[in-house]
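Okay, so here's the structure we're looking at.
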Amino acid sequence: MFDYDSELARYQERLWGALDIRPGDHVLDVGCGTGLTTRDAARAASSGSALGIDVSGPMLARARRQAQAEVLHNVDFVQGDAQEHAFPPEHFTWAISRFGTMFFSDPVVAFANIGRGLRPGARFVQLVWQAADRQEWHTAIRAALSGGPASLMPAPADDAFALADPDDVAGVLTAAGFTAVDVVDVREPVRYGPDAERARAAVLQLRMAKDRVSGLDAASAERALDRLSVTLDAHGSDDGVWFDSRAWLVSARRS
């Protein structure tokens, strides 16, 4: 299983810096993955609660095991799609998401559904990726696996960048019933592993890499993987393999 917590450690800090969760709060974590953000929220909301929702059963199984190991009694996880899940009405005082809101089939419907679970005035703070061409991790890895400049490749149809336009994000949230929308440019590197060898193993767990390599014959796949190793090695440093990236930190209030 890909370690998104390690990859996104710098963004975890930026998200947490934008929050002010108090002991009595009730927090909804959308697209919680293995639950790091949910568990952090549960610790901050010590007399309240935190609920993480995600579509991935294996990730949620890990989240539950870790919460049990950390003896957190005010955290829970549910498998489901936040676009249609029946949240308790006007229950949560915060909604948060670390790159977990870009994959909805209908963002307006999804954000309106999340909003119904929030108390009036509650804040919704999320991180979403900016455009694909602003992500060095995306362009460099695609170029390595494809054997050519990323600018010459077809544009990716990737839901990860579905909220890359800040005006669209603001419009979607407003249409879903949110106010005071604020979109801030955030730039942090992402980490794929302590060295090139382990970074390669991590990258090959990602869909963009698996899909590309699986479509190649054996000789072409070997050349692609060699190019990937060279690229990862070039991005190595004393504390790991890093690529530049950019995101939007989006905050809004439930009306």
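Values quoted throughout were computed directly from the atomic coordinates according to the rules given, and no laboratory measurement underlies them. As the structure is a computational prediction, the values presented were derived from the model and not from experiment. Cβ: placed from backbone, ideal geometry, glycine included. Neighbour counts: every protein chain shown.
Can you tell me how many residues within region 211-252 are buried (at least 18 other Cβ atoms within 10 Å of the Cβ) and of a type in the set (Lys, Arg)?
The number of residues fulfilling the criteria is 1.
Between a first residue in region 48-61 that is in contact (Cβ under 8 Å) with a residue 40 or more places away in the chain and a second residue that is among the acidic types (Asp, Glu), which pairs have beta carbons less than 6 Å apart while being 6 or more apart in sequence or on different chains?
So the pair list comes out as 48/25; 51/76.
Of a type in the set (D, E, K, R) and either crowded, with 19+ Cβ neighbours inside 10 Å or under 19 Å from the mean Cα position of the chain (by Cα) (or both): is that true of residue 119 in this structure? Step through it out loud before you land on a result.
Working: of a type in the set (D, E, K, R): yes; either crowded, with 19+ Cβ neighbours inside 10 Å or under 19 Å from the mean Cα position of the chain (by Cα) (or both): no.
When the stated conditions are applied, residue 119 does not pass them.
Return only the number of the condition from (1) over 27 Å from residue 255 (Cα atoms); (2) of a type outside the set (A, V, I, L, M); (3) part of a loop (DSSP other than H, G, I, E, B) that residue 66 does not satisfy.
(3)
Helices (runs of 4 or more DSSP H) wholly in region 161-255 with at least 1 residues that are small (Gly, Ala, Ser) and in contact with a strand residue (DSSP E or B) (Cβ under 8 Å, 6 or more places away or on another chain) - which ones? First the steps, then the outcome.
Values: elements: 166-175, 196-203, 207-214, 218-234.
Once the helices (runs of 4 or more DSSP H) in region 161-255 are filtered for at least 1 residues that are small (Gly, Ala, Ser) and in contact with a strand residue (DSSP E or B) (Cβ under 8 Å, 6 or more places away or on another chain), what remains is 166-175, 196-203.
Six or more apart or on different chains, Cβ under 6 Å: which pairs go from a residue in region 162-186 that's in contact (Cβ under 8 Å) with a residue 40 or more places away in the chain and of a type in the set (S, T, N, Q) to one that's part of a loop (DSSP other than H, G, I, E, B) and surrounded by 13 or more Cβ atoms within 10 Å (Cβ to Cβ)? Could you list them?
What qualifies is 179/255.
Looking at region 28-69, which of its residues are of a type in the set (S, T, N, Q), touching a Gly at 6+ places or on another chain (Cβ under 9 Å) and more than 18 Å from residue 1 (Cα to Cα)?
38, 46, 47
Can you pull out the residues in region 84-118 that are touching a helix residue (DSSP H, G or I) at 6+ places or on another chain (Cβ under 7 Å), within 14 Å of residue 28 (Cα to Cα), in contact (Cβ under 8 Å) with a residue 40 or more places away in the chain and not in a strand (DSSP E or B)?
87, 111
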